[in-house]
Amino acid sequence: MLTMNSVTIRQPGYILAIEPDKQRLTISSATSATPYLISSLPLLLFPEIAGVDIAWEGATFRHLPASTDEASCLRITAHLHGALTGVVCNEIYCHADRLICHAEYTADREHGLASWQLAPAGSTLAMETAHAMIGEAYVNGNGRVFPVADIKVSTASHNWGYFPNAPRLVLRRGTSLACVGGTSLAHDFGLELACDGNDIRYFRFDYGGQQTPFPVRAQAPEHSPRLQWLFTREQSDVQAHATFTRSMIDDGIISPKHYLTEADCWLRPWYCTWGDEVGLARAMNGGTMASGECVKAMLTQERVLSIARFIREEELNFGTIIIDEGWQDARGDWNLARERFPDMRGLVDQLHAMDFQVALWWAPLLTEPGAAIRSQTDLLRGPTKHQEFVLDYTNPCLREHISRKLDTWFSDAPSGWDIDGIKLDFIAEKIYPTPQVEDREWYGEERTIHHIYRMVHDIASRYTSLPFIWGSSYNPHLSPFITAAASEERFDSDLAYLADRPALVEALLPGAHWCPHFTYDPVVSLDFTRIVQALGGIPQIGTLVTPDVTPAVISELRSLLAYDPLPV
């Protein structure tokens, strides 16, 4: 029976105790007698592989006390046994207010990794509430704060209309908070927690589940996400998120995007064509919702110009026009619909002459039946869990194809469109976990979306020093690439939950602007604009020329929008 010495590390923010002989790890706040976590394994991260367990015979345990400048380090090595054999190692770094853990393992044969577990089933997690950034709206107070009893939460984007968000949770005990999450750009599908009372069923970085595990080579080291536990006595969950993100900046993991890099032109209110497309199609359909094709048919080059003239004639202070869905022939092909837009460059030049910035709607992953690219199966992946076929960005030929299109859209050469920015959409759970191992740099939602944003930003930056990219998850790894953040949200009836969004954006994406999605209701849009302005955000309006927009609404909107851009 192997016995290793126990160790207790006391820091200003927390206490970490490891008892290898009892196979137990405990994490406590320095101000609370009740531990946050009592794990039945003295590891903070370990792989979940079908038919494989952790064996402690022959395990090693090493504690390197802190020097004057460095964190104390614990190194724990154990063994895998069962369906395969191998070694797993945790390196836990103990800073004054946070724990950082890196894990690595190797196995003797090829296999599939289901998840990285943070604690095995049967462990205890004591808290009052958990705050999670998740990809679901209109659920349980917008799906963010959960009571401890019978909790089941995932930061993965299970809703097709949303993005993968920061894989972290804020656990509250009285005035003490622990912010737990991954800081690396990992190939995972979210941080997931399920408890029965305080008993953990699972606490893990999910890698796609047992049916579609992440493929791992034999004898190849597999690295975990970089796990961080941060302890704070902040007054709010949002402040805890901000402190967590700041620690990532301090560690050089992410770079913040500062307001000073943005031009005033992006800070004036934005107009998006989609609300009018929907409203006009509905009016033509007798007041009922029209088909998607009818909605897109409402968008033409002449209509965009007529709305732009209307905006200037009515002295509405819009600085950006977003040309939404309908400019393209088909999702996936992303060619110009020439019957509706015979001269995109000519349109953009006219809009620029009217003092507008021009952004183009684009859903970089989607394809649709009838798209020509559907015949090139090597460029596709699917069907996904939502029964869609998506563009496969793991294929370098696809990336080259899309890069050429982005060059055309942003280029100011005679053959280019000279647009100023992109509204990205439908970045949801479309990346199915069935990659080739050699493509793991593009594996998983977080990595793929990060690379898509970087690709757009890098190409746009060839032609403009201030490219505009809008539409983002609350994921700090996207900070260097985006101008403004908002998930796909409408506020037709509920404006109340706008209030915390600017703070959350600043906490998770420091330096990014906040521009919530528009409302389709022209009357609600007035209150929407007031609230967004009061909170320091950028109002976006989507409905100006539908039959239900009265002159009185336009007059009041003119007054509301008559202000200087936000200070930089």
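Read the figures in this text as sums done on the coordinates, not as results from a lab. Bear in mind the structure is a predicted one, so any value in this text is a computation, not a measurement. Positions of Cβ are generated from backbone atoms using ideal geometry, with glycine treated the same way; all protein chains shown enter the neighbour counts.
Computed from the C-beta positions of R440 and Q533, the FRET efficiency with R₀ = 45 Å rounds to 0.50. Between Q219 and K152, residue separation times 0.36 nm minus the direct Cα-Cα distance comes to 20.6 nm.
Helix 524-534 and the longest principal axis of the Cα set of the chain meet at an angle near 60°.
Put in line by how crowded their Cβ is, counting other Cβ atoms within 10 Å and starting with the fewest, M284, M344 read M284, M344. When all alpha carbon pairs of the chain are counted in 10 Å bins from zero, the resulting P(r) reads 3, 17, 26, 24, 16, 9, 4, 1, 0 %.
Scalar couplings 3J(HN,Hα) for region 117-129, obtained by applying the Karplus form with A = 6.51, B = -1.76, C = 1.60 to θ = phi - 60°, are 7, 9, 6, x, 4, x, 6, 10, 10, 9, 7, 9, 9 Hz; x denotes Gly and Pro. Axis of helix 551-561 versus longest Cα principal axis of the chain: the two differ by about 50°, to the nearest ten degrees. For V549, no residue has an amide H sitting under 5 Å from its own, ignoring neighbours fewer than 5 places away on the same chain, with H placed 1.01 Å from N. In the chain, helices alone account for a calculated mean residue ellipticity at 222 nm of -6500 deg cm²/dmol, with every DSSP H run of four or more residues adding -39,500 (n - 2.57). Principal-axis analysis of the Cα atoms of the chain puts helix 274-284 at an angle of about 50° to the longest axis. The eigenvalues of the Cα gyration tensor, multiplied by 5 and square-rooted, give region 266-372 an equivalent ellipsoid with semi-axes of 23, 18, 12 Å from largest to smallest.
Between T464 and E400, take the C-beta separation as r, use R0 = 30 Å, and let me know the FRET efficiency to the nearest 0.05.
On the way: r = 22 Å, r/R0 = 0.73.
E between T464 and E400, to the nearest 0.05, is 0.85.
In this structure the amide hydrogen of I538, modeled in the peptide plane, comes within under 5 Å of the amide hydrogens of W514, C515, none closer than 5 places in sequence on its chain. Were the residues from A121 through C294 laid out at 0.36 nm apart, the gain over their Cα-Cα distance would be 57.1 nm. For region 7-250, the Cα gyration tensor yields ellipsoid semi-axes of 26, 23, 16 Å (square root of five times each eigenvalue, largest first, whole Å).
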